[in-house]
Structure formats: structure tokens, C-alpha cells
Amino acid sequence: VAVRVRPFNQREKGLDAVCCIAMAGPTTTINDVDGGTGEETFTFDYSFWSHDGFSVNDEGLLTPEDGNSPYADQKKIFDCLGVEVLNNAWTGYHCCLFAYGQTGAGKSYSMVGFGPNKGIIPTTCQDIFRRIGENHDPAKHFEVTIGMLEIYNEKIQDLLIHANQRTKVGSMRTNQVPVSACGAVCCCALSGWSGGSRVEAAGHLCAGPDQAGCQQLRGY
């Protein structure tokens, strides 16, 4: 379990907001910034400080401003979380990385990224094809399949199909989706892409959010 604190957005800066979070190693502390003495401390596997301490280069890439900065950039997030998930998937395990938080918390930025600050999903995609390219065993065959769905207001949307071309699964509510004998939710009608190259895969990953018309999926 990992937590990450993002920089203030423009609205929060305009309100002269004060950061109530402090981090030290895996420990996160919530301070009472209203003058009280109360504080709550929690320990996770990772506590990522991304609130400040960064610099932005000419391409818009955010990196720690110096060697002493605690800033956790996108590469650090992937190295700590994404690599482990990908390694497990590479050895044949089903894996899931679940991003949770209120609207605007930074889930999409961590998972998808923005501009040159690539998140876990596109970096994982790139690493998958890098690993495939390093294989020299002619007996091994690799197939990459991509599916993308959105659950919003308890409705399932297949994001690899344009909104006006979706089958009835696009209007199906979550409580109408068939459940298998083992209790797993089955979205059998979802489309999928199977191929080819990292560029094609990246195109489909970008097309999904575009089909949804959802800015949030592209990061804040």
C-alpha cells in the first residue's frame, strides 16, 4: 500500500492552503494546522512525497531539484510499484494495481501521467515491449492484448469503441453484469486489441480516454 501527496493546484494556491501532511520514510503524518496539537501518524509500504522539491526542465519533465530533495517523481513511483507488478505478471500471475482517492487527488497523474511525465500504465507498456525485444528464444511467442473499460455512475463503458458504436454493454449497469460461479464479475462483451508494436499499443491506450471524452484520464 502506497500513498502520495501531490502539489497544490491553482485553486488551493489561491486559497493560501497550508499542507497538513508530513512524510518520513514510509510514515505519513497528518498535522493539525488550525493551531491544535493533535496529529495522526500512519505507516504504509511507501509514502511518496510529491508536494514540492521538484524542478521542471524545458520539456516539462518534473524531477527532484537536487540530490537531497525528497520529491518522488514518476520514475520512482514506477520503480517502486510498477516494476513489481510487471515482474509478477511476467512470471504468469494475474496482477492488479488499484488507485484510490477523491476526485483531483492525482490518481490519473500517477497511473497515466501527463506530457513527458509518463505514469505507470504507459511506462509499463513501454517496458513490456522492451522485454519482448530482448527475447532471443525462437520458441517463445508473445501476444499483448489491451482492453479498457470505464465504470462511471454504475455504468460500464468500453473505451476502445466509439461511444455511438458501443454494444449494450456500454449501457449495462454494474448490477446487471453476469457474475461467474467463483464470484468474479464477467465483462465478456468488451472489445480488445491484440498486436503488434509499442507504438500501436500506445495509440490504443491514448484512444480510450479520447473516446470517453474524459479529461481526468489524461492527468491533472
Net charge near P64 (other residues with Cβ under 12 Å of its Cβ; Lys, Arg +1; Asp, Glu -1) is -2
Using DSSP to define loop residues, name the chymotrypsin sites (Phe, Trp or Tyr not before Pro) in segment 53-110 whose beta-carbon has at most 10 other beta-carbon atoms within 10 Å. Y93, F98, Y100
Excluding T28 itself, what net charge comes from residues whose Cβ is under 12 Å from its Cβ, given Lys and Arg +1 and Asp and Glu -1? -2
Would you tally the net charge around R4, using a Cβ to Cβ cut-off of less than 15 Å, leaving R4 out, and scoring K and R as +1, D and E as -1? 0
Could you check the spin-label model distance between K75 and A17? Points 7 Å from the Cα along Cα→Cβ, value in nm. 2.8
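Indicate the gyration tensor shape class of segment 69-157 (rounded, prolate or oblate), computed on the Cα atoms with a ≥ b ≥ c the square roots of the eigenvalues: a/c under 1.5 is rounded; otherwise a/b larger than b/c is prolate and the rest oblate. Intermediate values should be presented prior to the final figure.
Numbers: a/c = 2.26, a/b = 1.38, b/c = 1.64.
Oblate is the answer for segment 69-157, as a/c is 1.5 or above yet b/c matches or exceeds a/b.
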Would you mind calculating the relative contact order of segment 25-141 from Cα pairs under 8 angstrom and at least 6 residues apart, reporting the percent as a whole number? 17
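A short reminder: the numbers here are calculations on the coordinates, not readings from a lab. Predicted model, so just to flag it, every value in this text is computed and none were measured. Heads up, the Cβs are rebuilt from the backbone with ideal geometry, glycines too, and the neighbour counts pull from every protein chain shown.
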